[in-house]
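Asks: Here it is, the structure, as C-alpha cells.
The values are calculated or read from the model by the stated rules, or taken from the named source; none is laboratory data. If you're wondering where the values come from, they're calculated on a predicted model, not measured in any experiment. Virtual Cβ from ideal backbone geometry, glycine too; neighbours counted across all protein chains shown.
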Amino acid sequence: MVVDRLRVAGGRSASPAGVPAVGNDSAYDAGQPVLRHHADGLFGRRVRAGHHAVGGVAAIGSMLPWATVSTGFGAFSKPGTDGDGMFTLLAGVGAAGVAIAALVSGRILTWQRWVIAVCGAVIALVGVNDVVNVAGSSNDFIQISVGMGLWLVMLAGIGLVVAGVQLFRNRS
C-alpha cells in the first residue's frame, strides 16, 4: 500500500516524489490519507486470468471420462462426476470464480489467495490419488486406462497449487 497524497500543513495535498496524484479529492479534503493498492500490472492480470482458466480446465476435466474399462465383451468409460469428480468440479468452479472476481476487481485479497491454493490442493490430491488407483486396477481379464478428464484434473490441480504458492510469494 502506498499513500498517494499526504495532507500537509495549510490544508494542501501533496504527492510524494515519483508518485502521481490520483484518486478522489474529497477524501484528501477531509484530511484522510488515501491508500492505493499497488496493482501488479499486465503480468498480474494475465496470472489471474490463468487461474480462472486453470480452474475451468479442472471443472471441464471433472465431467470428462476418468477411466476406460475394456473387457472381452466391450468397453465403456466412467465420467469423473460418477465419483470424486464432483469434489473437483466444485473446487474448480470455486477457484475459477474467485480468480474471475480478482480479475474484475483488479486486486487479489488474502482470502482469495487461500481459496485458490486450497482448491488447487484438493483437486491435485484427488487427481493424483485417482490416477494411481485407476492405473493399478488392470488384470488379465479387464484393462483399465486413465481417461483424459483425470489427466486434465490432475494437471490443473498441480497448476493451481503452483499458482497459489506463487500468489503468496508475490504479495503486494
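Asks: Are any residues in segment 92-107 touching a residue at least 60 places away in the same chain (Cβ under 8 Å) and within 11 Å of the chain's Cα centre (by Cα), and if so, which ones?
Replies: 92, 95
Asks: Which one of these is within 30 Å of residue 72 (Cβ to Cβ), among the acidic types (Asp, Glu) and at pLDDT below 90: 140, 130?
Replies: Criteria check complete, one pass: 140.
Asks: Checking residue 130 against (1) touching a Leu at 6+ places or on another chain (Cβ under 7 Å); (2) closer than 12 Å to residue 54 by Cα, which single condition isn't satisfied?
Replies: (2)
Asks: May I pose another question? Take residue 135 and tell me if it is farther than 20 Å from residue 53 by Cα, in contact with a Ser or Thr (Cβ under 7 Å, 6 or more places away or on another chain) and without any contact (Cβ under 8 Å) to a residue 40 or more places away in the chain.
Replies: Here the answer is no, as residue 135 does not meet what is asked.
Asks: Taking residue 131, is it touching a helix residue (DSSP H, G or I) at 6+ places or on another chain (Cβ under 8 Å), of a type outside the set (Asp, Glu) and over 16 Å from residue 56 (Cβ atoms)?
Replies: yes
Asks: Related question: If I go through segment 71-114 residue by residue, how many of them are among the β-branched types (Val, Ile, Thr), farther than 18 Å from residue 155 by Cα and in a helix (DSSP H, G or I)?
Replies: Residues meeting the conditions: 4.
Asks: If you scan segment 143-164, which residues turn out to be modelled with pLDDT under 90 and either in a loop (DSSP other than H, G, I, E, B) or surrounded by fewer than 15 Cβ atoms within 10 Å (Cβ to Cβ) (or both)?
Replies: Answer for segment 143-164, where residues must be modelled with pLDDT under 90 and either in a loop (DSSP other than H, G, I, E, B) or surrounded by fewer than 15 Cβ atoms within 10 Å (Cβ to Cβ) (or both): 143, 162.
Asks: May I ask you to say which residue of 125, 150, 103, 160 is touching a Phe, Trp or Tyr at 6+ places or on another chain (Cβ under 6 Å) and among the aliphatic types (A, V, I, L, M)?
Replies: Going through 125, 150, 103, 160 in turn, just one is touching a Phe, Trp or Tyr at 6+ places or on another chain (Cβ under 6 Å) and among the aliphatic types (A, V, I, L, M): 150.
Asks: Also, quick follow-up: Within segment 96-103, is even one residue buried (at least 19 other Cβ atoms within 10 Å of the Cβ) and touching a strand residue (DSSP E or B) at 6+ places or on another chain (Cβ under 8 Å)?
Replies: No, that holds for no residue.
Asks: Within segment 83-133, count every residue that is farther than 19 Å from residue 64 by Cα and among the β-branched types (Val, Ile, Thr).
Replies: Of the residues in segment 83-133, 8 are farther than 19 Å from residue 64 by Cα and among the β-branched types (Val, Ile, Thr).
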